[in-house]
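So the structure is just underneath, and the comments pick up after that.
All of the numbers you see were taken from the coordinates with simple rules; none came from a lab. Computed from a predicted model, the values in this text were never measured in an experiment. Don't worry about glycine lacking a Cβ; one is built from the backbone with ideal geometry, like all the others, and counts go over all protein chains shown.
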Amino acid sequence: MVQATSPARSWTRIALAIAALAALTFALAVSVRPAYAGGGATLHESHVGTDSSQTADGEDCGDATVPDGQVLWHFVLNGLPDGHDSPIAGHFTFTGAGTLDVDSNKSLKTVEHWDVYTTGDDVLEGATADWNGDYNQFNLSHICHGAPGGGSQPESGSQPEGGSEPDDGAMSPIGGGNAVPTIIFGAILLGALGTLAYANVTAVRSRR
């Protein structure tokens, strides 16, 4: 004689399956790096609105040479095909300085670098790069302040002698990461918990 499976046990199995799916989805989401193609590269959303007056100098500023009264904004575009060797045009918009058109000044394997200078502190409103291939993220890597005072504005995109360059740029210290994997995981896990709760209520009622 075949024993029938109780509704409570069925719901419990469904809940466990949903929880396993949530864990698998989260693991895949955080392990696979996003890649975007076509339409140019756009600055990571979390970096829009960065105010240099409220941002401390990054650890990469130790060897950087920044003219007095100037602020260096260092940007990186990572996840590019290894071996590209042509400068990439970037367009960086600030509240005070307006839009500065700057070509990348260094390529390190799969990462392109820009040094952009503003006269004093400013607020970053956005940035794009003329890159139509695959990439991972376009980030504001770090900010460096020159000594207070005057000083002439360096040519856009120029790198003063002795300036530092980070080794990569895969992750940016300014701003946050992508929250989508966490949201998806939370939604699926919430559904699993709700299903498990329903199974427990059904089990209690079936015993009465």
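Details
- Built amide H within the under 5 Å cut-off of E125, gap 5+: G49, T93, F94, T95
- 3J(HN,Hα) couplings calculated from phi for the stretch 117-126 with the Karplus curve 6.51 cos²θ - 1.76 cosθ + 1.60 (θ = phi - 60°) are, in sequence order, 10, 10, 7, x, 5, 7, 10, 7, 9, x Hz; Gly and Pro show x.
- Amide H to amide H, with H built 1.01 Å from N, K106 comes under 5 Å of H113, counting only residues 5 or more places away or on other chains.
- For the stretch 79-155, applying the loop criterion from DSSP together with a ceiling of 15 other beta carbons within 10 Å to the GluC sites (Glu not before Pro) yields E155.
- Separation of the E45 and D134 label points, Cα + 7 Å toward Cβ, nm: 2.4
- Other-chain or far-sequence residues with amide H under 5 Å of G79's (modelled H): N136
- Here the calculated FRET efficiency for D101 and E125, from their Cβ-Cβ distance with R0 = 22 Å, stands at 0.90, rounded to the nearest 0.05.
- Summing charges over neighbours of A89, with a neighbour being any other residue whose Cβ is under 9 Å away from its Cβ, gives -3 when K and R count +1 and D and E count -1.
- Cα Rg, Dmax, the stretch 41-145, angstrom units: 13.1, 37
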